[in-house]
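Encoded as structure tokens, the structure appears first; notes follow it.
The values are calculated or read from the model by the stated rules, or taken from the named source; none is laboratory data. A quick note: this is a predicted structure, and the numbers were derived from the prediction, not measured. Because the Cβ atoms are built from the backbone with ideal geometry, glycine has one as well, and the counts that use them run over all protein chains shown.
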Amino acid sequence: MMLRKVCLSLALAASLFAADAVVDKAKKQIAEKKYDEAITALESSYKTNPKSADLKKVLVDAYLGKGDSMMYNEALPPRVKYPGALKAYRTVLTFDKANAKATTNIKTIEDIYKSMGRPVPQ
């Protein structure tokens, strides 16, 4: 019984250490605007450690960065940037339901579509 507790404690510690390493690497990727790479690593780690507040926070940062990078990219045509940004901002709300920036940007994009008389992408 004691050996089992020790093994579980070691497994938990290893999982937390691995999550910290993923978070640190993802923060660097976000700073370098490599949002998709950060998101891929974070989501994989989040599946094994869904209670990690650090993972969740950095996932929110990555998706916000991705949404912003699409929404404000003048080189992208509206038919590309708005649906992509909308999807990223909606994903933010799955991790942080009260995120004001994502909520505001979603409303802005939806209003753009409505003003053009077009359906809002789902």
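Name the residue that is farthest from the chain's Cα centre (by Cα), counting only residues in region 19-43 that are free of Cβ contacts under 8 Å to residues at least 12 places away in the same chain and assigned to a helix (DSSP H, G or I).
ALA21
Would region 45-63 turn up any residue that is in a helix (DSSP H, G or I), in contact with a helix residue (DSSP H, G or I) (Cβ under 8 Å, 6 or more places away or on another chain) and within 14 Å of PRO121 (Cβ to Cβ)?
No, region 45-63 contains no residue that is in a helix (DSSP H, G or I), in contact with a helix residue (DSSP H, G or I) (Cβ under 8 Å, 6 or more places away or on another chain) and within 14 Å of PRO121 (Cβ to Cβ).
Yes/no matrix, rows are residues, columns are (1) surrounded by 14 or more Cβ atoms within 10 Å (Cβ to Cβ); (2) among the β-branched types (Val, Ile, Thr); (3) on the phi < 0 side of the Ramachandran plot:
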| position | (1), (2), (3) |
| --- | --- |
| ALA38 | yes, no, yes |
| LEU42 | yes, no, yes |
| GLY67 | yes, no, yes |
| PRO77 | no, no, yes |
| THR94 | no, yes, yes |
| ILE109 | yes, yes, yes |
| TYR113 | yes, no, yes |
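It is to be established whether one or more residues within region 106-120 are closer than 23 Å to VAL23 by Cα, at pLDDT 95 or above and either of a type in the set (S, T, N, Q) or touching a strand residue (DSSP E or B) at 6+ places or on another chain (Cβ under 6 Å) (or both).
no
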